[in-house]
Structure formats: structure tokens, C-alpha cells
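Enquirer: Here you go, one structure.
The values are calculated or read from the model by the stated rules, or taken from the named source; none is laboratory data. The model shown is predicted, which means the values in this text are computed figures rather than measured ones. For neighbour counting, all protein chains shown are included, and Cβ atoms are generated from backbone atoms with ideal geometry for every residue, glycine included.
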Amino acid sequence: MSKERRYHFNADPVAEVRSIPSPTSSTSSRAPSPGPSTPPPLRFVSLPNSSHLSPYPTPHHHLYTPSPIPQAHPHPYIPPPPLCPGVHLHPAIIAPNLQYDVRFLPTQFNPHLLPAILAQPAPSLPLPNLDLRAGDPPWLFNVTPDSGISPGKAYVTVQDILLAIYHLRTDVKSAEYEIMSQSRKAENFREFERRVGSDPVQRGKGLRRVDLLNGRHRAQGLVRAHPKDCMWDIVIH
């Protein structure tokens with residue numbers, strides 16, 4: 001008859017496992033292992049087109065770079081081209097047709113323009129404003145409809161252009177005067193004396209921008225500053 005087999009269950013199986021000597025031990029005198037060794041970290045494997053990322057830290061040359069968040073304008077914003085290149089001015093104010101003496105107010109006789117022409121749109125395409133430039137260094141004018149001259153009109157008229165040019169009679173600012181050379185100041189003072197003469201009222205108003213035009217006072221008209229620009233130069237002789 002076979003011998004009866006008996007089975008014994010350890011109440012603390014973990015302790016029993018910890019007491020098992022390491023397979024690499026050659027003698028039983030070595031201290032028992034403190035427990036199962038920690039497994040080495042998994043190496044990161046880069047998988048093409050993989051949507052799963054390793055939960056373990058990755059080497060620097062495998063760092064994951066998220067895709068940039070889409071913006072409203074992914075490329076540099078390019079504004080639409082201005083409408084001015086396709087705009088043409090009224091023939092009456094194109095140089096050299098105007099012939100306006102800027103020393104005096106613009107009227108029907110300065111220059112010789114009929115009231116019907118003065119009330120017409122300055123550009124071929126009616127615009128609410130127009131940029132002008134004159135002088136050296138240049139002064140800039142943003143011309144808008146004058147409600148007193150052109151009531152109810154939402155576009156710049158020929159008369160509005162003349163009034164803007166007349167603003168060359170604006171007084172010279174102290175900052176503009178101080179940057180001039182001594183010879184330029186003397187030349188401007190001579191032009192001032194020619195303009196005001198013995199008129200005490202005009203003399204009391206002081207130096208004006210029209211005195212900085214080197215004796216030129218006749219506005220011949222406008223020319224486009226640049227083929228793709230919305231700025232118009234005032235030609236003065």
C-alpha cells in the first residue's frame with residue numbers, strides 16, 4: 001500500500017517565499033534575499049503612427065511634442081489691397097490743372113472753377129476721406145467732407161480738397177521751427193516778410209507753413225505719391 005500523503009498549508013505564504021534562497025546562491029550561509037527584485041524599467045519604443053504613448057519617462061530625443069493649437073490665422077495676416085489704386089481724381093485737381101494760389105481763400109475765382117465743379121466728388125469713386133501730403137518735411141492731411149461746405153455729402157468734394165490745401169496757412173509749431181538750420185530760418189523769415197508786407201493783422205499771426213515753401217505758393221494740383229499708395233502729393237510751384 002502507498003504511504004498516506006499529508007499536505008501542510010503555511011499560514012504566511014509571503015514569509016515562506018521570502019525565505020527561499022536565491023537560485024544563484026552557492027551556499028546556504030548567505031543571508032536570505034530581502035524580497036523580489038524590482039524589474040528594470042521598460043525601454044521606450046518609438047512606434048510610427050502610434051496613438052499610444054509609453055507611461056514611462058522617455059529619453060530627451062524621444063520627447064513628445066504636441067501639435068500646435070490651430071489659430072484663426074495660421075499664416076501672417078495679409079490685409080486686402082486698398083481701393084485707392086483704382087481711383088482717379090477729378091481732372092480739375094490733377095496737376096497741373098488746378099493753379100490755386102494758397103495765399104488766399106479758395107473761391108470760384110481762385111482757382112477759376114465753377115460752383116458745379118467744386119461740388120463734385122474729388123475722386124472718381126466717392127470716398128469718405130482722402131490723404132494728402134505737402135512740404136519738406138511733409139505735412140499730412142486727412143481730408144473729410146466739410147459739413148458747412150458740402151452739407152449732406154458723405155464723400156470728399158473738389159471744394160474739400162481746396163480747403164485742405166488752404167490749411168498750409170497753419171501756424172508753424174515751435175518744434176518744427178527749432179529743428180531748422182539758421183540759414184533756413186532766415187530764408188523763411190524773408191518769405192514771411194514778403195507775404196505779410198505792411199499788414200499788421202497777418203504779421204501778428206506769425207510764421208505760417210506757407211512761408212516754408214521757398215517762395216512757392218501756387219498749388220498746381222495732385223499726383224499719386226506711389227502707384228500702390230493711397231497718398232496724394234500736392235504739387236506746389
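Enquirer: Out of the stretch 167-185, which residues are part of a helix (DSSP H, G or I) and under 13 Å from L213 (Cα atoms)?
Expert: Across the stretch 167-185, the qualifying residues are L168, R169, R184, K185.
Enquirer: Another question about this same structure. What's the total number of residues in the stretch 108-118 that are modelled with pLDDT of 90 or more and exposed (fewer than 15 other Cβ atoms within 10 Å of the Cβ)?
Expert: Residues in the stretch 108-118 being modelled with pLDDT of 90 or more and exposed (fewer than 15 other Cβ atoms within 10 Å of the Cβ): 5 in total.
Enquirer: On the basis of being under 26 Å from D211 (Cβ atoms), hydrophobic (A, V, I, L, M, F, W, C), part of a helix (DSSP H, G or I) and without any contact (Cβ under 8 Å) to a residue 60 or more places away in the chain, does F141 make the cut?
Expert: Spelling it out, it is not the case that F141 is under 26 Å from D211 (Cβ atoms), hydrophobic (A, V, I, L, M, F, W, C), part of a helix (DSSP H, G or I) and without any contact (Cβ under 8 Å) to a residue 60 or more places away in the chain.
Enquirer: Let me ask something additional. Here are some residues: N214, N188. Which one is modelled with pLDDT of 90 or more, within 20 Å of V235 (Cα to Cα) and among the polar types (S, T, N, Q)?
Expert: Among N214, N188, only N188 is modelled with pLDDT of 90 or more, within 20 Å of V235 (Cα to Cα) and among the polar types (S, T, N, Q).
Enquirer: If we keep just the residues of the stretch 177-203 that are touching a residue at least 12 places away in the same chain (Cβ under 8 Å) and within 38 Å of the chain's Cα centre (by Cα), which is surrounded by the most Cβ atoms within 10 Å (Cβ to Cβ)?
Expert: N188
Enquirer: Something else about it: Determine whether D211 is loosely packed, with under 11 Cβ neighbours inside 10 Å and more than 30 Å from P115 (Cβ to Cβ).
Expert: Considered against the rule, which asks whether it is loosely packed, with under 11 Cβ neighbours inside 10 Å and more than 30 Å from P115 (Cβ to Cβ), D211 comes out as no.
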